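The values are calculated or read from the model by the stated rules, or taken from the named source; none is laboratory data. Computed from a predicted model, the values in this text were never measured in an experiment. Here the Cβ positions follow ideal geometry from the backbone for every residue, glycine too, while neighbour counts run over all protein chains shown.
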Amino acid sequence: MFEGDVMTLIPVLAWMMILTNGTSAPQVRADTFANDCRHAIWLEEGRETTPLETLRATQCMSYLVGFLEGHRTAMDHAEGDRLCVPPGVNAYQFARVIVQASDERPEIGHYPRRSLVEYALNSKWSCADPQGS
């Protein structure tokens with residue numbers, strides 16, 4: 001009984017630590033972020049995950065949803081498009097692109113998360129190929 005109660009609190013405690021860390025939070029590495037996204041894909045596929053993997057999947061999805069919403073808002077007001085994310089792409093599809101890019105370029109694993117996201121977007125949905133590859 002006690003073990004289950006503690007397991008329920010883990011995500012809450014983890015979020016509290018993240019939120020109280022503020023702007024001093026360390027930059028997330030690309031390889032860590034790709035693994036977080038891999039856990040999100042597992043959840044979408046119905047695979048069982050640990051509470052920690054579920055939390056990490058949530059971190060990936062939160063980042064990607066925010067990125068996609070920000071990108072779409074910016075493109076509504078922009079003159080041109082540097083990234084041509086097709087309409088209707090959801091965060092799970094984006095997570096698959098992130099994991100694929102990480103698998104293709106393991107040498108950038110120590111780079112910040114944003115470098116992986118930029119590489120993944122440019123390799124999959126550059127404006128030179130607006131339909132995506």
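Observations, loosely collected:
- Of Leu64, Leu55, all but one fail to be surrounded by 17 or more Cβ atoms within 10 Å (Cβ to Cβ), modelled with pLDDT under 95 and closer than 16 Å to Val97 by Cα; the exception is Leu64.
- In region 25-69, the residues that are within 14 Å of Arg114 (Cα to Cα) and either over 9 Å from the mean Cα position of the chain (by Cα) or outside any helix (DSSP H, G or I) (or both): Pro26, Gln27, Val28, Arg29, Ala30, Asp31, Thr32, Gly66, Leu68
- Candidate set: region 79-93, residues that are small (Gly, Ala, Ser) and modelled with pLDDT of 75 or more; chosen: the one surrounded by the fewest Cβ atoms within 10 Å (Cβ to Cβ): Gly88
- Residues being at pLDDT 90 or above and assigned to a loop (DSSP other than H, G, I, E, B) - total across region 94-133: 4
- Residue ID - nearest to Val117 (Cα to Cα), chosen from residues in region 13-24 that are of a type in the set (Val, Ile, Thr) and modelled with pLDDT under 55: Thr23
- Taken across region 68-78, residues that are touching a helix residue (DSSP H, G or I) at 6+ places or on another chain (Cβ under 7 Å), loosely packed, with under 15 Cβ neighbours inside 10 Å and modelled with pLDDT of 65 or more do not occur at all.
- Pairs, first more than 9 Å from Ala120 (Cα to Cα) in region 98-109, second charged (D, E, K, R) and surrounded by 15 or more Cβ atoms within 10 Å (Cβ to Cβ), C-beta under 8 Å, six or more apart: Pro106/Asp31; Gly109/Arg29; Gly109/Asp31
- As a summary of the residue check, Thr32 satisfies the conditions (1) at pLDDT 90 or above; (2) loosely packed, with under 10 Cβ neighbours inside 10 Å except for the one numbered (2).
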